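S.K.: I have a structure I would like to understand better, so I am pasting it below and will then ask my questions one at a time.
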Amino acid sequence: MRILHYIFKLIIIIILFVGVILALITYREYIKIKPDIENGCIEKSVEKLREKKHYTKLEDVDKKYIEALIAAEDHRFYDHGPVDIKAIFRAVKTNIKNKSVIEGGSSITQQLAKNLLLNQK
């Protein structure tokens, strides 16, 4: 019984450690883009997208297309909100198990934010 208690404590410590690391990485990235956010970078990026020749308003997109996109990209999109904690932990577990980054846990919302705010580097 003591071994199970020890293993449980170890798992909790590992989860907390990984959480702190992820929080620090996220905060570091936020600090990098904070000036852009304060200067209206998001609005500028959205305006650039809207000015493109092939820009389509959401209400003009076929609902079946949107449903197919959500089914393929993030079937639990309506259940977890903008951040999918379950997917993040699954990805962390998989990446630790394989000792390399082979899976991500981002939701559609996180992907959109990344593409609007960050460059490909």
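S.K.: Go through Ser106, Ser45 for me and flag whichever is polar (S, T, N, Q) and part of a loop (DSSP other than H, G, I, E, B).
M.R.: Only one candidate passes the filter, namely Ser106.
S.K.: Could you identify the single residue in Ile3, Ile11, Ile7, Ile31 that is over 21 Å from the mean Cα position of the chain (by Cα) and exposed (fewer than 10 other Cβ atoms within 10 Å of the Cβ)?
M.R.: The match here is Ile3.
S.K.: Can you tell me which residues in the stretch 70-92 are of a type outside the set (Phe, Trp, Tyr), open to solvent by 60 Å² or more (accessible area, probe 1.4 Å), without any contact (Cβ under 8 Å) to a residue 24 or more places away in the chain and not in a loop (DSSP other than H, G, I, E, B)?
M.R.: Passing the criteria: Ala71, Ala72, Asp79, Ile85, Lys86, Arg90.
The values are calculated or read from the model by the stated rules, or taken from the named source; none is laboratory data. Keep in mind it's a predicted model, so treat the numbers as computed, not measured. With ideal geometry, Cβ positions are generated from the backbone for all residues, glycine too; neighbour counts draw on all protein chains shown. To get the accessible areas, we keep the full protein, side chains included, count just its heavy atoms, and leave off ligands, DNA and RNA. Shrake-Rupley method; radii C 1.70, N 1.55, O 1.52, S 1.80 Å.
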